[in-house]
Every structure is written in structure tokens, then in C-alpha cells.
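Heads up: the structure comes next, in C-alpha cells.
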Amino acid sequence: MLTDNRFSGVRAHIAGVAVIAALGLAVVLQGCSGSSKEANSTQPAATASASSATPIASATAAATTAPAKTLKLLKATPDNGSSGTPFTITGEGLPADKDAEIFWSGVDGSWDTTASPENIQFNKRVFQNRRISLGKAHIDAGGKISAPVVAPDDFGEVHDIFVAVAGEDAGRTGFRIMRKVTISPESGPIGTPINITITGLGWSQYTNTISVRYDNMPVGIISAVTTHGTATGVIRAAGTSGKHVIDIDHGARSVPFLNNQQSGTANIPDWRLVFTMTDDKTVPPSVTDWPDVSRVANVSTAAPTSASGKPPVGNAKASLTPNTGPVLSSTVFTASGLTPNTPFELFFVTARGNRANPSGWGLTDTSMGKATSAADGSLTMNLQIPDDLGGWHVMKLVGGNAVVAEVPYFVERSMVGAGVTPQKVKAGDTFTIHLKGVGWTELDNGTAITYDNAYIGFACGFNSNGDVTVNLVATGAPGIHLIDLYPMIYQGHGESPWGYQQPLLAFKEDAPGLGLGYRLPAFRLAIQVE
């Protein structure tokens, strides 16, 4: 059966039963959109237009075994355009007077991770071929076909198109999804969120990542792994009033590639956009910028997972309300189906250690308190979340020597106070950024930091139990300067080099943690240099 799985989500290889909560996932993923004025390519016009698709030069493979006979070469007119472009497939020499079906060879993308009780390991991005139907057509008595179709939403670059008769491929052509970049808005005061929307991002090594520069300084990368080549990265307007240049470069190695016009990917243009700042005097407020809720997987509180690697004993049911929040927030643990009038103890399972020492790390239990079940076997406990690591944890209820119930809880990242202290400084003064709830897995172990849209490094929260305190020096001319902290991938074990410790600018809709329920925000801060 041929299906169109619009968002394939994240494929996790579960090695053990994880405290990370639990991969009883109900993924609710929706599409993404963006609109605005298209950017200008920095390539010569002739170079950009000369890269139209050659039908037989496809980068994808057929989803079925290639037939022994030679396929008829058909024609697509036009043979390139963005997703949604109408085009017509024509040709001759096909089986006469037959009904045919037209298939598009596309790609599904996913993030490959491995979950264990102590960690979530990032492996790589995975792209798999797929076929979708573009509709039906009829081949006339002379063996000719003329079929109008529409290019689907898919990754950029060349896609095979097959005309099949009675389930067997009879003809082939191709269509190239062209890359397009837009920004929205094009002007605004300092701190304005600038949405950089890209469509037609590819899936191959040199086409699937772009690197963003702002006034020549590298900011971060944009990917569209799970969104079929369409994604929006968000940066903020920084600097002084006037025009600011945003460059979109190839980012296969996670840094800007500056002479693409001389490379093997010169057929894919770079882009240059201009944002006009209208006001540089008003300090923007501190903001926590959360991912798109429709892109974050829902993790069931009834997921059959256990930090001990064994299923709980008995038939008790338990829940936490709410099951997510920052450190020191309140939640209520309830359970039913317990042995009546029996003492129990509730534990918060977390990790201790770091990646720097040979001893590594392991899991540990922190007592959340003791309580006795009621005569009807119920139990209720009012809790305060510990000041601890962020990410997915497990609350486990123990009676005697047995775990009788477990519930996952997600500790969110949060700013302490305004996030930055002091906010008014002199050039050369030190200021401090203070976060809580930074995690320990390879997906949430750190945060990547930019200063006026220039990437300056990352901070880690494992050894400090989720507390991240970063001391920075105020630089630049008197005025407002922006500090942004983005989600990142700490390290990986697959294709290299790519993406590690880099700001993920499209974190709201395409990041490896989203499909595992990791709701990791960006923090938007500002200081004023006097």
C-alpha cells in the first residue's frame, strides 16, 4: 500500500526502559507555514536558473524494484518550481488506451536517537524514500499522455516521477523542487523576531542544512528534517537603526560555506536579505520562546515504563497534575488501587555525574515524602518539584521493597528572575545569565548562546544539577545588546561533522527532542550598555 506520511516524526531505538519518560508517545504533528517577501539570491541569475531538473538525473530511487524493461522518457513542463507548482507530464510510446497512475518519489525524514535509562543518545538524521500518488490519467489510443499535476510539499532538489500501468512502471520523468527563502517582517525595532522561512531545503548531505549570518556573524543553523524541507528559523533584530544584512549560506558542516559559487553545489543559490531596524532605543522585554505545541509529542502519564527496568508490581494507577513544570513548582500525585492502610514512599528519579570525569554518571533516587494509603486504596501527595536537572524524570511509588507505580514528569527550563543581572552595565563590566532545569541527555545537556546574533559558545548544566550560571562581559558601543540562548544538540554518534553545540534556529518545529516530548525553549534577553 502506498501512503503519504506527511510527518514521520522521530524514530527512537529503545535500549532499556528510560527514566527519560517514556516513550509511550502520542505524537501530534502538524504542518508549518510562513509568508513574506522572497529574498534575493546572491548567485548570478543565470546560475540560479540553469539548474532546472533533468528528468533522468534523479537523486532518489524508485520505491519498488526497477523493472527489467526500459522506461519511456517523459517530459515535465515546467520541470522545476516550488512546492505547489502546477506542471504537465507529456510523452508517447506508452501502452495504448490504458488507465495510469502517476507516482512521485519523495523522502521522509526523521531523527534517529537511542534511549536508555541514563541518557538519550543522538545518532543522526535519517531520510527514507517514499512514493505518493499524484493522481490518475488516461493514455490515449496512440500511446500518448498529457496529465496535469501539482508538485507536492516535499524536500528540495530532483524527484523522480513514474507513470504506472497495471501496477508496473511504464514511463519516467523528473521535477526539481527549488529552494526559496523569505523573511517576515522586513523592518521593526530592536528585538523584533525575524522569521526566516525556507522551502525546498534538501535531504542530501550538502542540501539539508543552511547556516545563517547576521551582519557577517554566524548565528546558527536551520534544518527541516521532519517537515519535508520547509522550516522557519527565528532570530532577533540586533544592532543600531538602519539596514542589516542576513545571509543564508550552505551549512553542511554547521558553519557558513563562503565560496559556494565555486563548489559542487553551486547550482543551489545562496540568499541575501535585508532587515531595516526602525528604533534602537527601546529595551525589549525578556522572553521565553517556546516550541510550537503542535510539534511536541504528548507523553502519556500512563506509559508502561520504569526507572528500575521492571514493570510496577500490582494494578495501581497513578498520575501527576500537572505533569510538567519548572523547578520548585507544585504538582499533585494521586494513586488508586493500592493496598489499603499501607505506608508508601515516593521518589524522584534523576541523574548525577558528568561527561568529563571517567566515573561518568548514574541514576539516583530523591525522596519526595512518605504517606499512607486510605481505606479505599487511594493516596494523594502535594509535591514541590526539586531544584534539579531538567528533562524527563520518573516519580516512583515504593511500598515495602517493590515499585508499585511510576509516572513521568518533565522539568522545564526556566530563567531565574529577569534572566540577566544587572541589565544596565558599562562596557567591560560582567553580567550574569542564570537558568534552571537544564538537562543531562545529549538532546538537552546545554544551551547555545549568541550576543547580538553572533554565536559565542555554549553552556552545560549536567554537573551543576540543572543550574546554569554564565558570566559574560558587556561589549560594544553604548546602547542595547541582545543575548539569545537556543536549544542545541550536545553531541552525536552518526554522520560527522554536523550540528553539535550549534544554535538550532528552527527549534520550534524541527529538533530531535520534539518527537520525544522535549519542550525546550529559547530565552530572549537584553542588556543596556551605558
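No value in this document is a laboratory result; all are computed from the given coordinates. From a predicted model like this one, the values you see are computed outputs, not experimental measurements. Cβ placement follows ideal geometry from the backbone for every residue including glycine, while neighbour counts extend to all protein chains displayed.
Under a Cβ-Cβ cut-off of 12 Å, what is the net charge of the residues other than Asn119 that fall near it, where Lys and Arg count +1 and Asp and Glu count -1?
Working: positive: Arg355; negative: Glu118, Glu442, Asp444.
Summing Lys/Arg as +1 and Asp/Glu as -1 gives -2.
According to the square roots a ≥ b ≥ c of the eigenvalues of the Cα gyration tensor, what is the shape class of the stretch 198-272, taking rounded for a/c under 1.5, prolate for a/b larger than b/c otherwise, and oblate for the remainder? Kindly include the intermediate steps, with their values, before the conclusion.
On the way: a/c = 2.24, a/b = 1.39, b/c = 1.61.
The shape class here is oblate.
Quick one: Thr331, Thr230, fewest Cβ neighbours within 10 Å first, how do they rank? Intermediate results must be reported in sequence, preceding the final value.
Numbers: Thr331 20, Thr230 25.
So the ranking, lowest neighbour count to highest, is Thr331, Thr230.
Give me the extension gain from Thr321 to Arg352: residue separation times 0.36 nm, minus the current Cα-Cα distance, reported in nm with one decimal. Don't jump to the answer; show the numbers that get you there.
Details: separation 31, 0.36 × 31 = 11.16 nm, distance 2.59 nm.
Contour length minus the Cα-Cα distance gives 8.6 nm.
Which of the lysines could a cross-linker span from Lys69 if the Cα-Cα distance has to be under 20 Å and same-chain partners fewer than 8 positions apart are dropped?
Reachable lysines: Lys98, Lys144.
Give the order of Thr334, Thr227 when sorted by the count of other beta carbons within 10 angstrom, beginning with the fewest.
Details: Thr334 14, Thr227 24.
In order of increasing Cβ crowding within 10 Å: Thr334, Thr227.
For Asp429 paired with Asn129, estimate the spin-label separation in nm (one decimal), with each label point 7 Å from Cα along the Cα-to-Cβ line.
Computed distance between label sites Asp429 and Asn129 equals 6.2 nm.
Relative contact order for the stretch 300-411 using alpha-carbon pairs under 8 Å, separation at least 6, rounded to a whole percent?
On the way: 254 pairs, mean separation 38.7, N = 112.
Taking the mean separation of contacting Cα pairs over the length of the stretch 300-411, I get 35 percent.
Once the Cβ-Cβ distance between Asp387 and Thr278 is put in as r, and R0 is 25 Å, what FRET efficiency do you end up with, to the nearest 0.05? Display every interim value, and only then the final one.
Details: r = 42 Å, r/R0 = 1.66.
The pair Asp387/Thr278 has a calculated efficiency of 0.05.
Could I have the simple spin-label model distance between Ser82 and Val245, label points 7 Å from Cα toward Cβ, reported in nm to one decimal?
Here the answer is 2.4 nm between the modelled labels.
What is the fewest-to-most order of Leu485, Leu363, Leu389 by other Cβ atoms lying within 10 Å of their Cβ?
Numbers: Leu485 28, Leu363 16, Leu389 25.
Exposure proxy ranking, most exposed first: Leu363, Leu389, Leu485.
Please give the Cα centre distance for the stretch 462-484 versus the stretch 127-180, rounded to the nearest Å.
52 Å
At a Cα cut-off below 18 Å, give the aspartates and glutamates reachable from Lys424, other chains included and same-chain residues fewer than 8 away excluded.
Qualifying aspartates and glutamates at Cα under 18 Å: Asp280, Asp452, Asp484, Glu530.
Under 11 Å from a point placed 7 Å out from the Cα of Glu495 along the Cα-to-Cβ direction: which residues of the stretch 169-213 have their backbone N that close?
202-209
Do any of Lys243/Lys508; Lys124/Lys317; Lys75/Lys180; Lys72/Lys124; Lys180/Lys426 go past 32 Å between their Cα atoms, and which?
Working: Lys243/Lys508 27 Å; Lys124/Lys317 36 Å; Lys75/Lys180 24 Å; Lys72/Lys124 37 Å; Lys180/Lys426 42 Å.
In this structure, Lys124/Lys317; Lys72/Lys124; Lys180/Lys426 exceed 32 Å between Cα atoms.
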